[in-house]
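Have a look at the structure below, then the notes.
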Amino acid sequence: MIRVVGTAGHVDHGKSTLVEALTGTHPDRLREEREREMTIDLGFAWMELPDGLEVGFVDVPGHRDFIDNMLAGVGGFDAAMMVVAADEGVMPQTREHLAILDLLRIPKLVLVLTKCDLVEDPAWIDLVEADVRALLAGTSFAAAGSVRVSAATGIGLDDLKAELAKVLAEAPARVDRGRPRLPIDRAFTMTGFGTVVTGTLLDGKLTEGDDVMVMPGALRGRVRGLQTHRRKVEVAFPGSRVAVNVTGIEVQQVQRGDVLCAPGAYRGTRRIDARVEVLGDAAVGLRHDQSLKLHLGSADVLARVRLLMTDEIKPGGDGWVQLVLESPVAVADGDRFVLRRPAPPATIGGGTVVDGRPQRRHRRRDAAVVRLLERKLGGSPEDRIGQELFSAGPLTVAELARKLEEPAEVLSRRVETLVSEGAVRAIGEGPARIYIHPDWLSGVAESAREVLLVYHRDHPQRSGMPREDFRRKLGLETRGSEAAFGALEADGVIVVGGPRLRLAGFSPTLSREQHEAAEALAQRFAASPFSPPSIREATDAIGLEAWTLLVEQGTYVPVAEDVAFAAPVYARLVEEVAASLEAGESVTVATVRDRYGTSRKYALGFLEHLDRIGISVRVGDERRRGPTALAAR
Ligand code: GDP
């Protein structure tokens, strides 16, 4: 097993020197640093502890201007060495680095008081240690052990190795979830090899020859070679520092913050639901809509912070947020992150990704949203199903399985249990059975009421809103929306009538003028029932809207492009002509025309209509009994 230990601490407190004293290698510094004698980017070195455990060291810069670089390297540490120079004591970046390690939930910490050779009076070191302990007390590292060393003389280094061995034995094992990802902290080219990216490998193995993808750009490549601690390996294991030689991807296409992973295993997101905590000594609280820098994995990106329940989270407080990112990052649920104010730079807080791909922008102050996020943070498999259905909307088992990356049979059993408990609704049977979260549905019901109320107010004479417009207005996906309409209708919220939807209880009404015009039109239809006004004349008389409504209500029945009959007349025509067909009488355009004393236009329009609905079939000039003749009677 390989472990990764990082340094943390104020600039010049002796971090790089300490790593060099431990490993015999000066952490791989860039030339610029050598010139400036200060770590501005990440450095790397490795060693074997006396018990045989291999440890990679990530040396981070301590200067405040390079906290971005520091943060890019911190993810994936099993433990950190909090380095404090005994002659100087606690300094600003001592505090800030400690806060960051705590926010990122680095599992273990060792307090290293170094440069002890520069302090003659041990009581002074006690004071420095007491100072640091006071800081640690407010963090998850209150019980951390401490070691006093000098990198210059070598005093205490064996104790430090022993302490590292101890904490690393206690640190949780790295899990192979079969979903390898490498947050990239450096990308460069090597002559003869091409593109090389480095980082700490998480959640799975990488093997030579693997197809890989670099997110969020979804660039495809292949692993040509792997190195851990400068040694060629065929397989790299989770938790190790890895350099990956990739083919198919140019170095210019990759940058720090990208994630190399198994193809399709991670998606880029611009929206993240998260639980955040604000540092007790943060310079400012967190305000709604504030823009902050989000540090996640090795990435940093500007994010707008939407507070879901309050307008502010004060220092020391916590709450629920939806982060809206300026550019996409690849993320997994449960990832920890840090939020910093860009200018003047300051670490404000951090938190946990609870949903790395929420499907929508949450309404604020929606208790249902937060309830689900809370359950998801708690996180049973059932909660995850609920959360997914709530954020994605109606889904089949197959779709749920794909989203949650779990076998369909297992999910099917779980979701059916939820259905039987009333926690999830189901519509339909078999593979097409669709599951709906009741809170999602009540959110949709609320929007539906709002949208339809406005529509009915603006169009009182229309029988309802066209389905398509409604769907678009509510932002529903086509497939799930049919199930949702069905459920809303079953709940008595809406009535689905053909291509239109209306609120239950709504019935369209004509204005006074429309009503009077409609009365007059009805008299004209009654005056010549078999040669009534054409549809054009009718719409000219009462307007298209009123006409459409009367047709929808069944007052008039259109039979041809320009021919409609009043409903009772239509019914009589259908019945009588069907009876004639049934009796085997000769039915032609001419006989119908003469029988009802109308014109060819009406007779022809009507008979063609009967052909279309299957009551008659045309044979030469004659009509015969059609396939649905009997059903019509
Ligand atoms: P970093 O910025 O924390 O990485 O600090 P460096 O490792 O670059 O050390 C800063 C300065 O302190 C350098 O000049 C080192 O030689 C010196 N230094 C580091 N550790 C010790 C130590 O244990 N004793 C003494 N006397 N000097 C040290």
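Table for the structure above
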| quantity | calculated |
| --- | --- |
| Subset of the range 291-320 (residues that are out of contact with any helix residue (DSSP H, G or I) (no Cβ under 6 Å at 6 or more places or on another chain), farther than 19 Å from Leu71 by Cβ and either polar (S, T, N, Q) or crowded, with 22+ Cβ neighbours inside 10 Å (or both)) | Thr310, Ile313 |
| Some residue of the range 304-320 being of a type in the set (Phe, Trp, Tyr), within 23 Å of the chain's Cα centre (by Cα) and either outside any loop (DSSP other than H, G, I, E, B) or more than 19 Å from Arg360 (Cα to Cα) (or both) | yes |
| Considering residues of the range 89-119 that are near the ligand (Cβ under 10 Å from one of its atoms), at pLDDT 95 or above and closer than 14 Å to Val11 by Cβ only, the residue nearest to the chain's Cα centre (by Cα) | Thr114 |
| Options Lys161, Lys166; residue that is farther than 30 Å from Val246 by Cα, part of a helix (DSSP H, G or I), among the charged types (D, E, K, R) and touching a helix residue (DSSP H, G or I) at 6+ places or on another chain (Cβ under 8 Å) | Lys161 |
| Condition check for Leu201: touching a strand residue (DSSP E or B) at 6+ places or on another chain (Cβ under 6 Å) and away from the ligand (no atom under 16 Å from the Cβ) | yes |
| Candidate set: the range 456-467, residues that are in a helix (DSSP H, G or I) and touching a residue at least 12 places away in the same chain (Cβ under 8 Å); chosen: the one farthest from His515 (Cα to Cα) | Arg467 |
| Residue check for Ala282: within 30 Å of Gly386 (Cβ to Cβ), buried (at least 18 other Cβ atoms within 10 Å of the Cβ) and at pLDDT 90 or above | no |
| Set Arg414, Arg357, Arg363, Arg371: member being over 25 Å from Gly297 (Cβ atoms) and either among the acidic types (Asp, Glu) or assigned to a loop (DSSP other than H, G, I, E, B) (or both) | Arg363 |
| Residue in the range 169-177 that is within 30 Å of Asp126 (Cα to Cα) and assigned to a loop (DSSP other than H, G, I, E, B) present | yes |
| Any hit, the range 71-90, residues being under 18 Å from Leu279 (Cβ atoms) and surrounded by fewer than 23 Cβ atoms within 10 Å (Cβ to Cβ) | yes |
| Identity of the residue in the range 483-527, in a loop (DSSP other than H, G, I, E, B) and within 16 Å of Ser447 (Cα to Cα), that ends up farthest from the chain's Cα centre (by Cα) | Ala504 |
| Pair list, Cβ < 8 Å and 6+ apart or interchain, from the range 129-151 residues that are within 13 Å of Leu101 (Cα to Cα) to residues that are within 16 Å of the ligand (Cβ to nearest atom) and not hydrophobic (A, V, I, L, M, F, W, C) | Leu135/Thr94; Leu135/Arg95 |
| Within the range 1-44, tally of residues that are part of a loop (DSSP other than H, G, I, E, B), modelled with pLDDT under 85, over 19 Å from Ala243 (Cβ atoms) and away from the ligand (no atom under 12 Å from the Cβ) | 0 |
| Number of the condition not met by Gly334 [criteria: (1) surrounded by fewer than 18 Cβ atoms within 10 Å (Cβ to Cβ); (2) under 14 Å from the mean Cα position of the chain (by Cα); (3) on the phi < 0 side of the Ramachandran plot] | (3) |
| Residue match in the range 61-82 (condition: at pLDDT 95 or above, within 24 Å of Trp124 (Cβ to Cβ) and within 13 Å of the ligand (Cβ to nearest atom)) | yes |
| Residues of the range 520-556 that turn out to be polar (S, T, N, Q) and either in contact with a strand residue (DSSP E or B) (Cβ under 9 Å, 6 or more places away or on another chain) or closer than 9 Å to Ala566 by Cα (or both), as a count | 2 |
| Single unsatisfied condition, Leu610 versus (1) under 28 Å from Glu519 (Cα atoms); (2) touching a residue at least 12 places away in the same chain (Cβ under 8 Å) | (1) |
| Hits in the range 136-156 - residues which are surrounded by 17 or more Cβ atoms within 10 Å (Cβ to Cβ) and farther than 16 Å from Ile106 by Cα | Ser146, Val147, Arg148, Val149, Ser150, Ala151, Gly156 |
| First in the range 280-298 and closer than 28 Å to Leu42 by Cα, second anywhere and in a loop (DSSP other than H, G, I, E, B) and among the β-branched types (Val, Ile, Thr), Cβ under 9 Å, 6 or more apart | Leu296/Val331; Gly297/Val331 |
| Top-ranked residue in the range 566-619 [being assigned to a helix (DSSP H, G or I), in contact with a helix residue (DSSP H, G or I) (Cβ under 6 Å, 6 or more places away or on another chain) and among the basic types (Lys, Arg); ranked as farthest from Pro529 (Cα to Cα)] | Arg600 |
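Quick grid of which residues meet (1) at pLDDT 90 or above; (2) buried (at least 18 other Cβ atoms within 10 Å of the Cβ):
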| site | (1), (2) |
| --- | --- |
| Gly430 | no, no |
| Tyr435 | yes, yes |
| Gly464 | no, yes |
| Leu476 | no, yes |
| Pro499 | no, no |
| Pro508 | no, yes |
| Glu516 | yes, no |
| Ala527 | yes, no |
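Residues are listed down the side, and each one gets a yes or a no for (1) in contact (Cβ under 8 Å) with a residue 40 or more places away in the chain; (2) farther than 27 Å from Arg600 by Cα; (3) not hydroxyl-bearing (Ser, Thr, Tyr):
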residue	(1), (2), (3)
Ala504	no, yes, yes
Thr509	yes, yes, no
Ala546	yes, yes, yes
Val559	yes, no, yes
Tyr570	no, no, no
Val574	yes, no, yes
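Condition check ((1) part of a strand (DSSP E or B); (2) under 30 Å from Val331 (Cα atoms); (3) at pLDDT below 95) across all residues:
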{"position": "Thr153", "(1), (2), (3)": "no, no, no"}
{"position": "Arg179", "(1), (2), (3)": "no, yes, yes"}
{"position": "Thr189", "(1), (2), (3)": "yes, yes, yes"}
{"position": "Val196", "(1), (2), (3)": "yes, yes, yes"}
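The values are calculated or read from the model by the stated rules, or taken from the named source; none is laboratory data. Keep in mind it's a predicted model, so treat the numbers as computed, not measured. FYI the Cβ positions are ideal-geometry reconstructions off the backbone, even for glycines, and counts take in every protein chain you see.
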